[in-house]
Each structure stands twice: as C-alpha cells, then as structure tokens.
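This report refers to the structure that appears directly beneath it.
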Amino acid sequence: MPTFYLVRHGHNDFVGKRIAGWLPDVHLNAEGREQAARAAARLVGRGITRLYTSPLERARETAESVAQTLGLEPVVRENLGEVRYGEWTGKTFAELQDEPLWKLYNTYRSGTRAPGGESMLDCQHRIVTELECLAEMHPGESVAVVSHGDIIRSALLFWLGMPIDLFHRIEVRVGSVSVARMEARGVVVAGLGWE
C-alpha cells in the first residue's frame, strides 16, 4: 500500500487575510518559496517516486521546488485543487466576519456551503476519492501530493474518523507535510503538519 506525503503549499499574500480559493495568479511570496524549499528538503530520502499537485499556481510553485529537489516531474490533478468558495472567493476575512452564513460555515461545515461554492463534505469526498485513485495507480510507492490546507485537513479528518465539524482541531500550516500510510487495516496518519 502507498504512503502519501501531503504538502500544503507555501505562504502567499492571501494567507490569513482573504480567501484565495481558485483565483488565478496567487503566487508564493518570498516566505512561501523558503517554506517550499524546506518542505522539499524534508522529503529527501523518503523514497518518493511520484509527485502530484493542485493546478493552482501557489501549489504548482511549491511542487516545482519538490520536483527540483527530488528529480521528479509534477503531474497536475484537478481534484487536488482548493475548496471552491463561490461568492466568498477574494473576500477578506474582515469582510466576512459579520456574515451569519460565514459564522455558521466555521462551526457547522458538514451542513453549510459557501454561496455558489462546494460544501466541505463535497471537498472531502473529492480528495479522498482522488487519493484512493492514486493509491490504486501506485501500490507500494511513496507519493508526494501538493495541495491546500482545507483539502488536506478534510482527508486527514476522514482517515482519523473525525467529523468534518471538528475541522479546526487540526492545524495544517503553510509549507507543512503530513503523512498518511495506506495499510490493509486502513489508513494510518503517521505525521501531522511537519514544519
């Protein structure tokens, strides 16, 4: 069974300020490039044979750092992309803080969705199904996957048997690496948010 190294993209100017979602041209900043290099260095010597990435620029730039360090070619997979936040895309957290639906979304993710966007349960299904597909494609291999914080947390919550409403109990910082090992008895989360 494969081992997945789930890498969250490095820092960019939207982190902690506004929702980037699927906006184009959100690139790593200097701090993000350093984080991507550190994440790549953490993956050295782990036998990684495949590298997949979200199609969004910040993830692809992080994957490029991993690719250069490990000598791999990154493959873009649409289903590794960020949550589709619909009408909230591009808004600042300050703009959303008084919006009732935003407050509900952050306490009841299993039953709330961004206006015009996808629900966290949809996202969780998307990422878990994608990783299961990659597991079938690469049995016994170690695979690096570059994605986004909310997407990685969704997969980790699923594998840990935790409800999506406990979303904020897991922290996946920018530039961090989490590890999930698929075994016959199920998925073992072997590392969470290595920095």
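Laboratory data are not the source of any read-out in this text; all were calculated from the coordinates shown. In this text, all values refer to a predicted model and were calculated from it rather than measured experimentally. With ideal geometry, Cβ positions are generated from the backbone for all residues, glycine too; neighbour counts draw on all protein chains shown.
On a 0 to 90° scale, report how tilted helix 30-43 is relative to the longest principal axis of the chain, with both axes built from alpha carbons and the result rounded to the nearest 10. In the chain, helix 30-43 runs at an angle near 40 degrees to the longest axis. Ordering 31-43, 160-172, 1-13 by mean Cβ neighbour count within 10 Å, with the highest value first, yields 1-13, 31-43, 160-172. With coordinates expressed along the principal axes, the C-alpha atoms belonging to the chain extend over 47, 40, 25 Å, beginning with the largest.
When the chain is treated as a Gaussian network with alpha carbon springs shorter than 10 Å, the biggest mean-square fluctuation among S147, S178, S110 belongs to S110. Helix 149-160 axis versus longest C-alpha principal axis of the chain: approximately 70°, rounded to the nearest ten. Evaluated with a Cβ-only charge set (Lys, Arg +1; Asp, Glu -1), the stretch 3-194 carries a dipole of roughly 480 debye about its Cα centre, given to the nearest 20. Its DSSP H runs of at least 4 residues, each contributing -39,500 (n - 2.57), put the calculated 222 nm mean residue ellipticity of the chain at -10500 deg cm²/dmol, to the nearest 500. DSSP beta bridges fully contained in the chain are about 50 percent antiparallel. Report note on the peptides 61-69, 88-96, 112-120: ranked by the mean count of other C-beta atoms within 10 Å, highest first, their order is 61-69, 112-120, 88-96.
Of all the options I127, I152, I19, the one that moves most in a Gaussian network model of the chain with Cα springs shorter than 10 angstrom is I19.
Largest GNM mean-square fluctuation across P100, P55, P24, computed for the chain with C-alpha springs under 10 Å, falls on P100. With respect to the chain, whose longest principal axis is taken over its alpha-carbon atoms, helix 57-70 is tilted by about 20°.
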